[in-house]
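Chemist: Just dropping this structure here.
The values are calculated or read from the model by the stated rules, or taken from the named source; none is laboratory data. Predicted model, so just to flag it, every value in this text is computed and none were measured. A quick note on method: Cβ atoms are made from the backbone with ideal geometry, for glycine too, and the neighbour counts reach across all protein chains shown. Just so you know, the surface numbers come from the protein's heavy atoms only, side chains and all, with ligands and any DNA or RNA stripped out. Shrake-Rupley method; radii C 1.70, N 1.55, O 1.52, S 1.80 Å.
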Amino acid sequence: SIHYLIGVTHNTHTRVFSFDHYTIIIKVMKVSSSAYLYLLACLSDVTINAFTPNHHHHGRPSLSFVTNLKDASLFVDETASSSSSSTQKNDKQKEVSEYYSSTLQTSDDLQTNACCTAGSPPKHIQECISNIHPNVVAKYYGCGLCLPQYDLEGLKVLDLGCGAGRDVYIASQLVGATGKVVGVDMTPEQLQVAQETKDYHAEKFGFDNVEFYQGTLENLDQIQELEEGTFDVIISNCVINLCTDKQAVLEHCKKLLKPGGELYFSDVYASRRVPQTLQDDPVLWGECLSGALYWNDFENLARKVGFIDPRLVEDAPITISNQQVQDCINAAGQNNLKFYSATYRLWNLSSEYLEPHCEDYGQAVSYKGTLPRYPSTWTLDKHHTFETNRLMLVCGNTWNMLAQTCLAEHFNFVGNFDTHYGIFDGCGTALPYDTEESSSGKGASAGGCC
């Protein structure tokens, strides 16, 4: 908030705040951060000597504002280490690697449910998991299913932060012998489990279509085997929050995807910006909590790197049942800080096809019911579930997410972009996640680790 001086009176009987013989009336007005920075910019380099009487103006004190915040900027990624040295960045990465190689031996060692899935996976995914080596399954630390719900056969998939390889080996079965899955992780101990079970899975599946590479997600460009514009889908499961430079990760993903491809991933987000005191706690960071971005910062960051219209697919509140962890959060004065696991899809479509907001062109689509395993309905995101053969009004962005991707053959399209009717009804900016209370209703899940 900004303290705004709106009046000064020479009245000793109705003083609000007195300075010498002046009564100062102060009004506190809440403003947006952008308005706050605008005011600071307007007042920069002005010298202030507050409450100094100026007799040329009828005895009113003149004001001078002391500010040197010319370089103030909105924090898009509060968890980034851009202001830190490379040594500090490396230290954080070492802490994460140590946590996932030594501190955590199996998913039973987790202290919160941040790295637990929001619910049971669908039947075909459960069948895939049943084919995976037990050692790989035991070292799974994910917060949601991160495989898009369409036919993946023949596609090339990249798994970021693949760990011991559970999701790689799930995707391996779905893309089949003609597809390919690549896993990247920075923890040698995790990758060792993935590599040691390659022969087991090749024999189990009847083909070998996976590769694993060691590296950090912030430096994917240093892995020469990853060629730009060659991946149909990039997945990640509760890992990007652990990264020290999330913008770099998203930028790499944008470059690696084919046009019309997508980054489909699950991660942890916060209801507000996480303070530095909590970010510095290695357990809270390792448990996928204090590295979480404020949800609106994430969506703005995604747009900044070129993912113009981030789409939330599903989400669930994270409950912290570990009292020691909750006490740490409370001690930082963050009792009302909430965390959510959420799955997003970010389509690699240019501004030729996507706009910053959902615009109405009077268009509609209908789902043909032809996607495998989805004969009756198919869900694009949290606000778009299509019933077979039922016409549904959509904005221009949704239209192109269907028309300019691998989904086009499964939909009928009505209309065009000739006439614009304004903003599409319901395009808002409120907290998009279900709260703990609302998630207990229709479609809610009890939660639990896979």
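Chemist: Let's test this: bin the Cα-Cα distances of segment 177-219 at 10 Å from zero up to the farthest pair and state each bin's percent.
Modeler: Values per bin, smallest distances first: 27, 50, 21, 2.
Chemist: More than 20 angstrom separation, counting every C-alpha pair in segment 249-305; what % is that?
Modeler: In whole percent, the long-distance tail amounts to 35.
Chemist: Whole percent per 10 Å bin, from 0 to the bin with the longest distance: what is P(r) over all C-alpha pairs of segment 317-361?
Modeler: All Cα pairs considered, the percentages come to 19, 29, 17, 19, 16, 0.
Chemist: Here's another thing I want to ask about it. Rounded to two decimals, what is the ratio between the C-alpha radius of gyration of segment 364-413 and 2.2 N^0.38 Å?
Modeler: With N residues counted in segment 364-413, Rg over 2.2 N^0.38 Å equals 0.99.
Chemist: Same structure, new question: Hey, got the dipole for segment 334-400? About the Cα centre, +1 on K and R Cβ, -1 on D and E Cβ, debye to the nearest 20?
Modeler: 420 debye
Chemist: Consider a paramagnetic label point 7 Å from the Cα of residue 420 along Cα→Cβ; state which residues of segment 347-365 have an amide N under 16 Å from it.
Modeler: 351-363
Chemist: Accessible area of residue 123, 1.4 Å probe, to the nearest 10 Å²?
Modeler: The accessible area comes out at roughly 150 Å².
Chemist: Let me know the charge dipole size of segment 267-374 about its Cα centre in debye, to the nearest 20, where only the beta-carbon of Lys, Arg (+1) and Asp, Glu (-1) is charged.
Modeler: For segment 267-374, the charge dipole is close to 220 debye.
Chemist: Using amide H atoms built in the peptide plane, which far-off residues or other-chain residues are under 5 Å from residue 212 H to H?
Modeler: Amide H neighbours of residue 212, under 5 Å, 5+ apart: 183.
Chemist: How many percent of Cα pairs in segment 325-438 exceed 20 Å? Mind showing how you got there, number by number?
Modeler: Values: 3442 of 6441 pairs.
Beyond 20 Å sits 53 percent of the P(r) for segment 325-438.
Chemist: When N is the residue count of segment 276-330, what does its C-alpha Rg come to as a fraction of 2.2 N^0.38 Å?
Modeler: Values: Rg = 14.0 Å, N = 55, 2.2 N^0.38 = 10.1 Å.
Dividing the Cα Rg of segment 276-330 by 2.2 N^0.38 Å gives 1.39.
Chemist: What do you get when you divide the Cα radius of gyration of segment 172-292 by 2.2 N^0.38 Å, with N the number of residues?
Modeler: Taking the Cα Rg and dividing by 2.2 N^0.38 Å, one obtains 1.18.
Chemist: Cα-Cα pairs above 24 Å in segment 226-366: how many percent?
Modeler: Numbers: 3646 of 9870 pairs.
So the pairs more than 24 Å apart make up 37 percent of the total in segment 226-366.
Chemist: Tell me the Kirkwood radius of segment 314-389: reciprocal of the mean inverse pair distance over distinct alpha-carbon atoms, in Å.
Modeler: Taking every pair of different Cα atoms in segment 314-389, averaging 1/r and inverting gives 16.8 Å.
Chemist: Another question, then. Can you list the HN-Hα couplings for segment 349-363, worked out from phi with the Karplus curve (6.51, -1.76, 1.60; θ = phi - 60°), rounded to whole Hz and with x for Gly and Pro?
Modeler: Working through the residues one at a time gives 10, 6, 5, 5, 10, 10, 10, x, 10, 7, 9, 9, 10, x, 9 Hz.
Chemist: How big is segment 122-211 along each principal axis, measuring the range of its Cα positions in Å and listing the largest first?
Modeler: Projected onto the principal axes, the Cα atoms of segment 122-211 cover 32, 28, 22 Å.
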